[in-house]
Every structure is written in structure tokens, then in C-alpha cells.
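Student: This is the structure I have questions about; it appears just below.
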Amino acid sequence: MDHYRSRSPNSSYHSRHSAYDRERGDRGRNRCENQRLRPNNHRQHQSELAAEKNPQNSRALSTRRELYERDFPVYKQPVEVGNFSLDSERRFFNDSRQMRYYVEPDRNPNFNLRDGYKDRFIKRDDSVKEKLSHILRWVIANRSKLTTRMTTASPCALDVDFVTWRGHLTKLLTTPYETREGWMLAATKFRGTIYISEVETEAAQRERENRTERHEEMMYWGYKFEQYMCADNVHSAPDPDGVVNTNEAFCTVVQTRLADHRLLFSGEVDCRDKDPSAPAPPTCYIELKTSAEICTPKQRSNLHRFKLLKWWAQSFLPGVPRVVAGFRDHEGVVVSVETFHISKISQLIKNEYNCWRPTVCMNFCCDFLSFVKRAVTEDSHSVVYLFSWEPHKDVTYSVHRDSQYSFLPHWFIDEMSTRPDSHHQS
């Protein structure tokens, strides 16, 4: 099991290489439109415009980018408060047994990502919707890390405003620039904390049920790349002849604060730096990605404008400092590997015309969470506020009682309704 330093989630990120410091420092310089800086009162005007567009009693939230072009919001350094593992049968373990270690590849890797797809691949059933079940099991096993001092009013309250998956927050960050895929997020307030869980849209279900064989194989390529790049322990080498089982996962659990929103979320981690002198989690973690090889300036521009947005959002949220990308040809052979430092991505994209901006992403996410806090007023595990969004439209919500959208399981409700005198370990 990993040992890591415990830092207060309310401490600032002091490292001079911090992605958070860099993003805040670049907020005034990152103008993808290559325009001159606007007058200082522009941000104040935009903030007032956003308030006018989204009054506090409104049942809709605009996603217009210009409303969120203001100062980068305060985002505290994410602190890892724990982790957990899911084994080959998707069973939960409150430890780091599924952690893997990054192994630097050769300069010309020549990894065949198609290898093993037909005969050494166990695919997780993605029609099974796990919702928040795994992070809720972690919460139950680690209540002492999260529970506030006992009060008569709230004897079992968690000291956070929101509990969710990192992937749900990633969708929020990218929403102002998303033009194809909508989303639905269910929110329930229980003992003062709002839990957010994704609901599959009809469009997403159709896409999942009608994937081509080529699409299914290309999804496998990402997992196969991880197998080439990761070892099971510090002293071993990757085993590309083994079975790829996508049930297995190692997940970090981090605590942070976005403006006045206290967040607890979990996300899957691909691997960590195996250097004994590497910094504590989550700074030692590495995200692995694959993408088509870059042959033209247009392709490089598209990478910056589209893929880097999602890569940045996914890694910036939990404090993962770098993404290692394998660039592959049409036949699925990795021909080169490139490292992207999250703290430098805003500089990479600054010369792209009309490009995405980190400050817009974070401000929208912040405003969405404020919108949810205003909307989700009833504290009951049986009441779900369903937030829906489609590209080019506003975010809206509806309220559902004792419905198909309820997602907090009875075992969690029962356990959280008792005092945390004992903690369950798997």
C-alpha cells in the first residue's frame, strides 16, 4: 500500500511548478484569439452579465462561453485522502493493490495495440451502471477522515459539499466547448452533502449499443497501451503478453475546494512514477493516452483544440501533473510517445485561433455547482434533481421523488445513519 503525506485540502499549492499556480498566472495571457488584452473592467462586466443571465431564482444556467471569461477561480491543491482498488471481478478493496508503475518506453516503441484483442481481452460490461457505488464504499470505510465533529443537528455529516466522480466534473469543465454530446447528472442531498451521479442519455445508450467492431477494437487500444507502459511493481517490467482486463482499476480519492465548494471525488489512475524520490500522490501519478499520429500542422492544431481540452480537464482536476501520449498509425502501431505537462498546456494552445480557455472551463464548473446548491434544497435520499444539458442550450433541471433516478443505495443510507464507531475494511 502506498504511503503518502497528508496535507490540508485548504492549503495553497506552493510548488512553483504547480499547474494551479500556472493556470492562475496565465489567465490574463491565455488569449487564443490573439487579441490585445481587454480593459480591466471587462471581467467585471462579464461577471455582471453572467449574473443577469443566470439570476439566482432561475431554473436554467447558460453555457455561453463569454459569460465565464473572468478571473480564474480559486482552486486549492487537490489532496489525496485515500485510494481503492477494483479487482478482476470488479470487487472493491480499500487499498492500492491495483496500483501500477510507469516504465519509460524506447524512443521508437513500435507497440502493436491490436495484439491480444481477439484472445487475451476481458471487457467490463459497460451496460452495468455502477453509479457511485465504489466511492460510497470508500466513504463508509473512511468516515473518520471526512466526518465533522458530532453535532446534534447532523451527527453523521461529511465535511464536504459534493461527492462525485472525477469524470462527471470533467464533463462540466468541457461543456462550454462541447458541440456534440449532451449529459444528464442526477443530484441528491443527503445529510447536508450533495451526491452527483451521471445518468446515461438516450443518445449515449444508442451509441454504446451500436458501436462498430472497429470502434470496439480502438477502445481496446488505449488499455493495451497501458499494458505496454506499466509494470505491476517497482522492480518488474511490463508484460504485454498478459490478459487485458478492464474490470481492474486503481482509483485515487481527492479532496479540494473550488471557490466555496468543498469537493470529494474519485478518479481512475493509470500509473505512478516508480522513482522512490517521486513526490507524494497525486503529484506522482501519470495519465496515459493514445491518439492518431501527427503528420500535418492541421492535425497538431486539432490535437491542441480538441483532445488537449479533455486531457487537461481530466488531469488538472485531481492534480495529475503529466500526460504521456502514444501516437499510433492507422493499423494501431504506436510510432512515438510524447509527454504533455499539464502546467504548460495553456501555453501550447495560446496561438490557436478561437481556442478553449481553462478559465472558462473552471468558471462554468464553479457556477454550475452554485446552481446545483441553489436548486437542491430538499435533504432526502429519495429526491433526485435531474440536471440536463444539450449542446447550444441552457442547463435545466427537473425534480423526481421515489423515481427510477434514485441512486443512493440502501446499504449506504443505513450505514451513514449510524455513528461511525466502526469502520469496515475490505
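Student: Can you tell me which residue in the range 374-410 is farthest from Pro176 (Cα to Cα), limited to those that are without any contact (Cβ under 8 Å) to a residue 24 or more places away in the chain and in a strand (DSSP E or B)?
Tutor: Arg401
Student: Still on this structure: State which residue is surrounded by the fewest Cβ atoms within 10 Å (Cβ to Cβ) when the search covers only the range 283-308 and only residues that are in a helix (DSSP H, G or I) and touching a Leu at 6+ places or on another chain (Cβ under 8 Å). Write out each step before concluding.
Tutor: Quick first cut of the range 283-308, residues in a helix (DSSP H, G or I) only: 297-308.
This time we only want the ones that are touching a Leu at 6+ places or on another chain (Cβ under 8 Å), so: 304, 308.
Details: His304: 19, Leu308: 24.
The selected residue is His304.
Student: Looking at the range 84-134 only, could you name the residues that are buried (at least 18 other Cβ atoms within 10 Å of the Cβ), in contact with an Asp or Glu (Cβ under 7 Å, 6 or more places away or on another chain) and not aromatic (Phe, Trp, Tyr)?
Tutor: Once the filter is applied, which keeps residues that are buried (at least 18 other Cβ atoms within 10 Å of the Cβ), in contact with an Asp or Glu (Cβ under 7 Å, 6 or more places away or on another chain) and not aromatic (Phe, Trp, Tyr), the range 84-134 yields Ser85, Leu86, Ser96, Gln98, Met99, Arg100.
Student: Now for a different question. The conditions are (1) within 19 Å of Gly192 (Cα to Cα); (2) surrounded by 16 or more Cβ atoms within 10 Å (Cβ to Cβ), and Val360 fails exactly one of them. Which is it?
Tutor: All conditions pass for Val360, except number (1).
Student: Is there a residue in the range 243-259 that is open to solvent by 40 Å² or more (accessible area, probe 1.4 Å), of a type in the set (Ser, Thr, Tyr) and assigned to a loop (DSSP other than H, G, I, E, B)? Show your work before the answer.
Tutor: Restricting attention to the range 243-259, the residues satisfying the condition of being open to solvent by 40 Å² or more (accessible area, probe 1.4 Å) are 243, 248, 257.
Right, trim to of a type in the set (Ser, Thr, Tyr) and you get none.
For the range 243-259, residues open to solvent by 40 Å² or more (accessible area, probe 1.4 Å), of a type in the set (Ser, Thr, Tyr) and assigned to a loop (DSSP other than H, G, I, E, B): absent.
Student: In addition: Look through Ala231, Ala237, Ala203 and report the one residue that is in contact (Cβ under 8 Å) with a residue 12 or more places away in the chain, loosely packed, with under 12 Cβ neighbours inside 10 Å and among the small types (Gly, Ala, Ser). I'd like the intermediate steps shown before the answer.
Tutor: Details: Ala231 fails: loosely packed, with under 12 Cβ neighbours inside 10 Å; Ala203 fails: loosely packed, with under 12 Cβ neighbours inside 10 Å.
Exactly one residue qualifies, and that residue is Ala237.
The values are calculated or read from the model by the stated rules, or taken from the named source; none is laboratory data. Computed from a predicted structure; not experimentally measured. Every residue, glycine as well, gets a Cβ built from its backbone with ideal geometry; the counts of neighbours run over all protein chains shown. Quick note on the areas: whole protein, heavy atoms, side chains included, nothing else; ligands and nucleic acids left out. Shrake-Rupley method; radii C 1.70, N 1.55, O 1.52, S 1.80 Å.
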